[in-house]
Amino acid sequence: MSKIIKNLGPALFIIGYVVGTGSVTSMVVSGAKFGLSLVWALFLSCFFTYFLLAAISKLTIVSGETLLYNFRKYIGSGFTVFIMFALLVSIVSSCVGVMGVMTEVVLGWIQEYSTISFLNNIVVSIFFIILLIGLFWMGKHKYFLNVMAIFVGIMALAFVLTSVMVLKETTASIVEFFPRIPESENSGLIISGMVGTTMAGVCLASRSILVQEQKWGISDMAAEKKDAVSSMIMTFVICFAIMVSATGTLYFTGTEVNNATDMMNTLGPWAGEFAMSLFTFGIIGAGLSSIFPNLLLFPWLISDYTHTARNMKRPLFKMIVVLVALTCLIVPIMGGKPVWILIASQAFSPFIMPLITLVLMILLNKKSVMAEYKVGLSLNLALGATFIFNCYMMVTSIKGFLVMFS
């Protein structure tokens, strides 16, 4: 059992990172607004992400170095710094959006089940920020994140059960909505947000780090491919279940999702009156287990760039963690609609994916990097198709933001 868990380590991280508050929000909004017409975007993002995971893993295993260090060594420092800056923007925007949704859901739950009136978004956010910084500072986060993972797992299971109930009741109606591109002013932002939460640049960069820490060698290539396949299959199943649940509970009833609290009804058919509490604790688990890795990711990227040990006790890294954590106060202080801020933060990821994919293809075909393990025709074709898909999603994302700010 310990060997199985060890081999699935990177896959579990991918699933835990991807299936978080961002994916729940984007899938619920998509299901509530368009039914299942955007399943194609979810499927293609999972499908092409697999090839990126496999390619990054192969590069890391053969070279023995992480993705960013390979970028710096073979492409140049300027390009790598640009990618790091883009990933930092993605990290910060994700923290901002996730905390906004999480605090709104928590406050909605408190107002429903208690008479407490002195709490607001800022107070709740500060509580969670202090909790996360305290756990990081004391190094006591592993047990806590395991508990949060249980909450997320229960919520994911609830979505799967709800989706089964919804499919059983409304199969004929749901099938009518496969697949199409809906005519809506914000469809582009939602599509790119769905893809961005699955094909996240920071997730792909961390994949390289995890593969290196796993100490996989050439003989582990088969295990790595199984790991990548399992992570994407589970991601698709859970995200699809969320879309089905939202379609059956919100789309067919004409319920729009404008606030985070509107998403609580998606578990109604299975959880009944307990749906709000189940969703709230699931969102707390997903939010904290998404934000905490985000706090660590930029120091990890710096360590990769400088080719130094990932010592999180360094004063610089501690300061970075605190500063990134404090950005979570932006939405509670400045205001805004957390749901759409979070979707917009996910939609930023497609901006840099074509560039990452293109450079990855160059490195994988470079003999000085891969030696006799240069990639073959099949993976080159797959990465070429991935590059075209990423270019399309970049254009879709740009159009979505133009509509948003117009």
Mind listing just one residue for me: the one in the range 317-339 that is among the hydrophobic types (A, V, I, L, M, F, W, C) and free of Cβ contacts under 8 Å to residues at least 12 places away in the same chain and, of those, farthest from residue 123 (Cα to Cα)?
319
The condition of being out of contact with any Leu (no Cβ under 9 Å at 6 or more places or on another chain), modelled with pLDDT of 90 or more, of a type outside the set (Val, Ile, Thr) and at negative phi holds, among 355, 363, only for 355
Considering only the range 207-227, how many residues are within 17 Å of residue 360 (Cβ to Cβ), surrounded by 19 or more Cβ atoms within 10 Å (Cβ to Cβ) and of a type outside the set (S, T, N, Q)?
5
Residues that are within 18 Å of residue 96 (Cα to Cα), assigned to a loop (DSSP other than H, G, I, E, B) and out of contact with any Asp or Glu (no Cβ under 9 Å at 6 or more places or on another chain): does the range 358-374 have at least one?
no
Kindly check whether there is at least one residue in the range 166-176 that is modelled with pLDDT of 80 or more, in contact with a Pro (Cβ under 8 Å, 6 or more places away or on another chain) and open to solvent by less than 20 Å² (accessible area, probe 1.4 Å).
no
Enumeration of residues in the range 375-393 that are in a helix (DSSP H, G or I) and either on the phi > 0 side of the Ramachandran plot or without any contact (Cβ under 8 Å) to a residue 60 or more places away in the chain (or both):
377, 378, 380, 381, 384, 387, 388, 391, 392
Pick from the range 258-267, criterion closer than 16 Å to residue 340 by Cβ and either within 20 Å of the chain's Cα centre (by Cα) or among the polar types (S, T, N, Q) (or both), ranking: surrounded by the fewest Cβ atoms within 10 Å (Cβ to Cβ)
258
For the range 344-355, indicate whether the set of residues that are open to solvent by 60 Å² or more (accessible area, probe 1.4 Å), part of a helix (DSSP H, G or I) and within 26 Å of residue 60 (Cα to Cα) is non-empty.
yes
Scope the range 294-306; condition open to solvent by 20 Å² or more (accessible area, probe 1.4 Å) and either closer than 17 Å to residue 322 by Cβ or charged (D, E, K, R) (or both); matching residues:
296, 298, 300, 302
Pairs returned, first residue in the range 347-366 that is under 10 Å from residue 70 (Cβ atoms), second residue that is open to solvent by less than 10 Å² (accessible area, probe 1.4 Å) and of a type in the set (Val, Ile, Thr), beta-carbon separation under 9 angstrom, 6 or more apart or interchain, are 359/83; 360/56
Scanning the range 45-68 residue by residue, those of a type in the set (A, V, I, L, M) and part of a loop (DSSP other than H, G, I, E, B) turn out to be none
Given (1) part of a loop (DSSP other than H, G, I, E, B); (2) at pLDDT 90 or above, identify the lone condition not met by residue 71.
(1)
What is the residue count in the range 331-343 for residues that are crowded, with 24+ Cβ neighbours inside 10 Å and under 15 Å from the mean Cα position of the chain (by Cα)?
2
Residue within the range 80-100 that is farther than 19 Å from residue 288 by Cα, in contact with a Lys or Arg (Cβ under 9 Å, 6 or more places away or on another chain) and open to solvent by less than 40 Å² (accessible area, probe 1.4 Å) present:
yes
Pull up the range 217-255, narrow it to residues that are among the hydroxyl-bearing types (Ser, Thr, Tyr) and within 20 Å of the chain's Cα centre (by Cα), then point me to the one that is farthest from residue 34 (Cα to Cα).
230
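The values are calculated or read from the model by the stated rules, or taken from the named source; none is laboratory data. Remember, it's a predicted structure, so these values are computed and weren't measured experimentally. Note: ideal-geometry Cβ built from the backbone for every residue, glycine included; neighbour counts use all protein chains shown. Note: areas computed on protein heavy atoms with side chains; ligands, DNA, RNA excluded. Shrake-Rupley method; radii C 1.70, N 1.55, O 1.52, S 1.80 Å.
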